[in-house]
Amino acid sequence: MSLPIAELVPPHIRAFEAYVPSRPDAELMRTYKVDHLHRLNNNENALGPPPAARRVLESFEPPSAAAYPSGDCFFLRQTLGERFGKDPERFLVGNGSCEVIASVIKAFCDKGDNIITADKTFAVYEWVAEFSGFQARLIPLRNQGFDSEAMLRAMNGRTKILFVCNPNNPTGTWWKRDEMERFLRGVAGRAIVVLDEAYREYVDDEDFPDGMEIMERHKNVVVFRTFSKMYALAGLRVGYVCGQKDAVDYIRRTHIVYSVNSLGQPAAAAALLDDAEHIRSTQAMVAEAKALLLPAFDELGLPYVCGAGNFAMVQTPASDSLIYRQLMRRGVMVRTMTGFRFPNWIRVSLVQQPVMRDFLSAFRDVVDLVRQGGAA
Amino acid sequence: MPAHSPQCLTLELPPDVAYLPTAASAAENAAQVFGLDRNGTLKLSLAVEEFFAYLCRFAGREEPLRLTLSQGGTFVRVAFRFRAGDVSLRALNFAAQVDLASGPDSLSDQAAELGLLVASRTTDRCSMESSGSGVYVLTAEVDRQYPEAAPLCTPQFLIPPISVSRPEDGPLAKGLLQHAALLAAERYPVRACPASFFRPERFADMVTAGQYQALLAQDATGKPAGLLCWRASGPKSVVFSGPYVFDAAPDRVLAKETARLLAERFLSAVARTEAVCAFSERPTSDVPEGWFESLGSLTLRGEDGEGESPQAALFRHLREDVGGAVWCHPDLTPFLERQYNLLAFSRDILKAEPTQTHHTTEHSLLATSLDRRRGLAILRPLLDGQDFATNLAAHVSALKEQAQEGPPPDILLHLDLSEPWQAALYPAIRGCGFEPRLILPHAGASDLLVCQHVTAHS
Ligand SMILES: Cc1ncc(COP(=O)(O)O)c(C=O)c1O
């Protein structure tokens, strides 16, 4: 017998799975009976925020928490405008780029419309579309990357948005300039193209098609960026969308004002000001982590996928959730990939050497255990 | 999830026998509209009459009785929602024997119980749920009739590539599903197949109605190459059957590939749903290696009753396990701790003592499902009561007697460890000859403990 409250809920919400965030670390440590926990599940930058952002955080005056933040992130948008040489009005900042995903979908989709993205990518595009009652057309990856031609074929008159995660989480693949160009010519302005560049700062390659430049030639392109990844401000929740002024104006109409807090706004702005050294050392850390892990995966005979970004995916010799539980018992938290539709893969964030060595030693243990048939 | 909105009829009736004809004619009408034949219609209206008459006498009088009749695809369901009052639902027990000769109850009370017993036996399934604060829902289902069909033994030689899809609505997909069910029924042990594979039209209707979800593999020419199906089990898990693969080539290359594709597509399909885990109590030997974890096994006698063989149970999480709490009687703690440790599961084990629960009612209630073809009975406690131990023992003997000439069925009992009162029943269950065998994570409101009746074996 369903509760009357369920009768108030539209079917697409009833069918929808509420996202279950992981429990707080202290609770997980108690549950798994460990005294430390390495968080390698969320692609966080373990180096922490760049120095100027740290200074902003340290100098925050507690009494100023009483005042509302700037409702439209005025100064942060000024800084973004200067940084990218664009009108600040073309930026819309949200409570993490996740909030902006919702705003874009609300702005452009109407009953019966659809969005197109990949089956094995960041889940939020699909989730927001489905719980808003819009169809998400999921295109299988091709060679672990977004399949531009299949995405174009999937378009119809009701397609409003194509989400391209470039580089893709979790495979780290990205489209080069010519592929992006071909794709955008194929879309031919018929729908909005979102380029989610959450991991853009991890790519140091001439051939990477920079969304900030592309949007000047393809007016239907909007770009998402975030301060959660490279800039290590995930806890403050700041991300943004940038596009043509008219597109951003429409998105703003669906967007909640005052959603970005007073600590996040100046910290994000400061992070942009001295990021060169920070980006260099983060990239170096990631490269060293890859140099340690990837040969070790080879040695274990386990296939892996690792491209751009501060994460690597490795195939496991047993169910990913079993590997997760066994790693948790050893104080290491990774991401299981069944929910990304990569059953029997895990994803691990690439961080400093000592933690990577801890991970590797726990992972080797668990792989041995599983191979000997000793784990469940 | 069915695409069309379910057909459903709801009536609120004062608890007064004067409205009996209203309830009965609503049932008759709904049964016909919902596709039951004459016999099914009779069964359903009889059940509604008996339930209604009984509830008019014993249910709480402060609220109307809510009668809901609904179409479930392959069955019609009647549900009565009522407030407890003086209700004893002992007669709904599979083993209930209403003793007309003795006891303090008046003869007419017993006659009323007898009616309830008749009603519960003539329907195909009966169950009771308490939705808290003295509100109960009594449901009964009557199945539509489907013809039985002989399994298909024609060998299939298939042409790659294999493709896997969710069958869409429509006669073409229905035909393919029926074909695949019959191919599976021939190739796999009866125990590994849902009963509906032997009534393939029923299976196809179950898929259309969303009772089962299915994935169908086809070869390059469109011939059925494999099948995997699943359904929800409790709010947080799915239970699957299969994979069934049909390629007859002796090298099994294509068969293995088909099984892998089916498993992968299955996990993709359920990965972003509400389900936290997937399991199978009857996996086939074609489950690809390394994809599921073993939960342990049951010792089953098999359909022919000859020789015992282990039946593995498999499972996997679809998300990261965040731990949880279960209730447990102290006698059961060593078993649970061992199992959870083996599975690397983190659970807080909470102590459920019989003294902490109040046996408020005299009579307990057990749900029984008996699959004669597979020789398997599953018991579930629905309501606690002072007579639980005797009631359970009566169920065990009734099940053995039911078998008559054939071998007695294997008897399992499922305990939902989210309910302290169920966990507290453990010593009584043990005393009846059951042993704990498996934990099915998240298969109920929380983990389910599967006990198996063993004394009959020795
Ligand atoms: C591809 C991608 N986009 C967006 C986000 C969300 O980031 P934010 O913290 O800005 O909401 C993530 C975070 O995991 C991501 O991987």
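The values are calculated or read from the model by the stated rules, or taken from the named source; none is laboratory data. Model, not experiment: these values are computed from the prediction. Here Cβ is always computed from backbone atoms with ideal geometry, including for glycine, and neighbour counts include all displayed protein chains.
General remarks:
- The range A:284-304, residues that are free of Cβ contacts under 8 Å to residues at least 60 places away in the same chain and either part of a helix (DSSP H, G or I) or within 14 Å of another protein chain (Cβ to nearest Cβ) (or both): A:ALA284, A:ALA287, A:ALA291, A:LEU294, A:PRO295, A:PHE297, A:ASP298, A:GLU299, A:GLY301, A:PRO303
- Filter pass, B:PHE266 being surrounded by 22 or more Cβ atoms within 10 Å (Cβ to Cβ) and more than 14 Å from every other protein chain (Cβ to nearest Cβ): no
- Residues in the range A:245-291 that are buried (at least 19 other Cβ atoms within 10 Å of the Cβ), assigned by TED's automatic domain parsing to the domain that holds A:VAL203 and of a type in the set (Val, Ile, Thr): A:VAL248, A:ILE251, A:VAL260.
- Just so you know, in the range A:305-330 the residues that are part of a loop (DSSP other than H, G, I, E, B) and basic (Lys, Arg) include one that is farthest from the other protein chains (Cβ to nearest Cβ), and it is A:ARG330.
- Any chance B:THR299 is more than 9 Å from chain A (Cβ to nearest Cβ), of a type in the set (Val, Ile, Thr) and surrounded by fewer than 20 Cβ atoms within 10 Å (Cβ to Cβ): yes
- Test: A:GLU44 is within 30 Å of A:MET313 (Cβ to Cβ), within 15 Å of the ligand (Cβ to nearest atom) and outside any loop (DSSP other than H, G, I, E, B): no
- Within the option set A:GLY239, A:GLY235, being touching a Ser or Thr at 6+ places or on another chain (Cβ under 9 Å) and without any contact (Cβ under 8 Å) to a residue 60 or more places away in the chain holds for one residue only, A:GLY235.
- Qualifying residue in the range A:347-362 (condition: surrounded by fewer than 19 Cβ atoms within 10 Å (Cβ to Cβ) and within 14 Å of chain B (Cβ to nearest Cβ)): no
- A:ASP365 being surrounded by fewer than 22 Cβ atoms within 10 Å (Cβ to Cβ), among the charged types (D, E, K, R) and touching a His at 6+ places or on another chain (Cβ under 9 Å): no
- Of all positions in the range A:176-184, none carries a residue that is away from the ligand (no atom under 14 Å from the Cβ), of a type outside the set (A, V, I, L, M, F, W, C) and buried (at least 22 other Cβ atoms within 10 Å of the Cβ).
- Exactly one residue out of A:VAL203, A:VAL223 is in contact (Cβ under 8 Å) with a residue 12 or more places away in the chain, in contact with a Pro (Cβ under 7 Å, 6 or more places away or on another chain) and within 16 Å of the ligand (Cβ to nearest atom): that is A:VAL203.
- Close contacts from the range A:148-166, counting a first residue that is away from chain B (no Cβ under 14 Å) and in contact (Cβ under 8 Å) with a residue 24 or more places away in the chain and a second that is acidic (Asp, Glu) and within 16 Å of the ligand (Cβ to nearest atom), with Cβ to Cβ under 9 Å and a gap of 6+ residues or different chains, come to A:PHE163/A:GLU126; A:PHE163/A:ASP196; A:VAL164/A:ASP196; A:CYS165/A:ASP196; A:CYS165/A:GLU197; A:ASN166/A:ASP196; A:ASN166/A:GLU197.
- Whichever residue in the range B:269-288 is within 14 Å of chain A (Cβ to nearest Cβ), touching a Gly at 6+ places or on another chain (Cβ under 9 Å) and in a loop (DSSP other than H, G, I, E, B) and, among such residues, is nearest to B:SER309 (Cα to Cα): B:VAL287
- Which numbered condition B:ALA173 misses (of (1) within 14 Å of B:PHE246 (Cα to Cα); (2) assigned by TED's automatic domain parsing to the domain that holds B:ALA259): (1)
- Scan of the range B:362-398 for residues that are out of contact with any Gly (no Cβ under 8 Å at 6 or more places or on another chain), of a type in the set (S, T, N, Q) and modelled with pLDDT of 85 or more, ordered by number: B:GLN386, B:THR390, B:SER397
- Across the range A:318-333, not a single residue is classified as within 28 Å of A:TRP175 (Cα to Cα), buried (at least 23 other Cβ atoms within 10 Å of the Cβ), of a type in the set (Gly, Ala, Ser) and in the same structural domain as A:THR282 (by TED's automatic domain parsing).
- Taking the criterion of being within 14 Å of the ligand (Cβ to nearest atom) and under 22 Å from A:ILE192 (Cα atoms), the residues of the range A:229-254 that qualify are A:GLY239, A:TYR240, A:VAL241, A:CYS242.
- Matching residues, the range B:25-45, being part of a helix (DSSP H, G or I) and under 11 Å from B:VAL78 (Cβ atoms): B:ALA26, B:ALA27, B:ALA30, B:ALA31, B:LYS43, B:LEU44, B:SER45
- For the range B:423-446, filtering for residues that are of a type outside the set (A, V, I, L, M, F, W, C) and modelled with pLDDT under 90 leaves 4.
- For B:GLN339: the one exception among (1) buried (at least 19 other Cβ atoms within 10 Å of the Cβ); (2) assigned to a loop (DSSP other than H, G, I, E, B); (3) within 12 Å of chain A (Cβ to nearest Cβ): (2)
- Verdict on B:ALA248 being touching a strand residue (DSSP E or B) at 6+ places or on another chain (Cβ under 9 Å), within 14 Å of chain A (Cβ to nearest Cβ) and surrounded by fewer than 18 Cβ atoms within 10 Å (Cβ to Cβ): no
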